[in-house]
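For reference, the structure is listed below as structure tokens.
Any read-out appearing in this document is the output of simple, stated calculations on the displayed coordinates, not a laboratory observation. Values in this document were obtained by computation on a predicted structure and should not be read as measured data. Positions of Cβ are generated from backbone atoms using ideal geometry, with glycine treated the same way; all protein chains shown enter the neighbour counts.
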Amino acid sequence: MNKVAQVTLTFWIIKICATTLGETAGDLLSMTMDVGYGLSSLILIGLFLVSVVAQLMSNKFHPVLYWTVILTTSTAGTTISDYMDRTLGLGYAKGSLILVTCLAVVLIIWRLSEKSLSVSNIQTTKAELFYWVAILFSNTLGTALGDFLADDSGLGFLGGAVLIGGIIAIIAIAYYVTRLNRVLLFWLAFVLTRPFGATFGDLLTKPLEKGGLGFGTVGSSAILAILLVVFVIYAVIAEKRTPKDKLA
């Protein structure tokens, strides 16, 4: 039984809200609350494991549960990336390279094992496990890329968000006007929506003198949490109104 969300416009809106909230919530725990990157990563990885086990054990698609796992991969990805780049001193470029390699390895093993990288029709527990591991790595990678664009590239928070947004728009156009592989386009968009959320999250939280809007991690997290809840409720309602034969 397929237990993952169908890729629609609503999917991408919720994905961006969830990844942006993951950025601000991860920073809230690790920096604002001064828990630290290492301990925050352990806590958030624990939450991810609890949520993903519940997802794997469920016997049908639950929108709230599904997006909870997405959110936990995003928050965990934020602190894991920060721990690698800052605490371990790897830097954004080297950290991104390591994470790109990890994501590529997961996708290759998934393809060899399941003979497919479908993200809309996942029928086995093994494929679903690959799916979530790939999402965890892609969200962690997105954080590193977003921080690199905001801090090291010279583009700043707004410039980084505009650049990534432009690339995402090109991918969307390619989806409609070309015959490029849809799975490839999905993973490109999925990875890039994370740095878009990361840079947009930094834009919301950072003070005005550092190029941000000054909402702080608490205020930004509250705003994004409300938006996420609203769109997930919409997704739940839409799910109930969709004929079951169209979900097969």
- Item | Residue of 77, 38, 95 that the Gaussian network model of the chain assigns the largest fluctuation, springs spanning Cα pairs under 10 Å | 38
- Query: Along the Cα-to-Cβ line of residue 61, 7 Å from the Cα, sits a label point; which residues in the range 111-145 have backbone N less than 15 Å from it?
  - Reply: 118-124, 128
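Test of understanding: what is the full-extension gain from residue 94 to residue 184, defined as 0.36 nm times their sequence separation minus their Cα-Cα distance?
Stretched out fully, the residue 94 to residue 184 stretch lengthens by 30.0 nm.
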- Query: Of 34, 82, 202, which has the largest mean-square fluctuation in a 10 Å C-alpha GNM of the chain?
  - Reply: 34
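Quick one: compute the contact order of the chain, relative version, from alpha carbon pairs under 8 angstrom and 6+ residues apart, as a percent.
Computed value for the chain: 27 percent relative contact order.
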- Message: Taking the number of other C-beta atoms within 10 Å as the exposure measure, put 80, 170 in order starting with the fewest.
- Response: 170, 80
- When 66, 175 are ordered from fewest to most other Cβ atoms inside 10 Å of their Cβ, what list results? 175, 66
- Query: Given only helices, namely DSSP H runs of n ≥ 4 each adding -39500 (n - 2.57), what is the per-residue ellipticity at 222 nm of the chain, to the nearest 500 deg cm²/dmol?
  - Reply: -25000 deg cm²/dmol
- Note on the structure: Taking Cα atoms only, Rg over Rh for the chain with Rh from the Kirkwood formula is 0.95
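Please report 92, 234 as a ranked list, fewest other C-beta atoms within 10 angstrom at the top and most at the bottom.
Arranged by neighbour count, lowest to highest, 92, 234 become 234, 92.
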- Comparing 149, 47, 112, which has the greatest mean-square fluctuation in the GNM of the chain with Cα pairs linked when under 10 Å apart? 112
- Item | Whole-angstrom gap from the range 1-49 to the range 71-135, using each part's C-alpha centre | 14 Å
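Given the pairs 3/206; 60/94; 15/126, which span a C-alpha to C-alpha distance of over 29 angstrom in this model?
On the way: 3/206 37 Å; 60/94 39 Å; 15/126 23 Å.
Correct reply: 3/206; 60/94.
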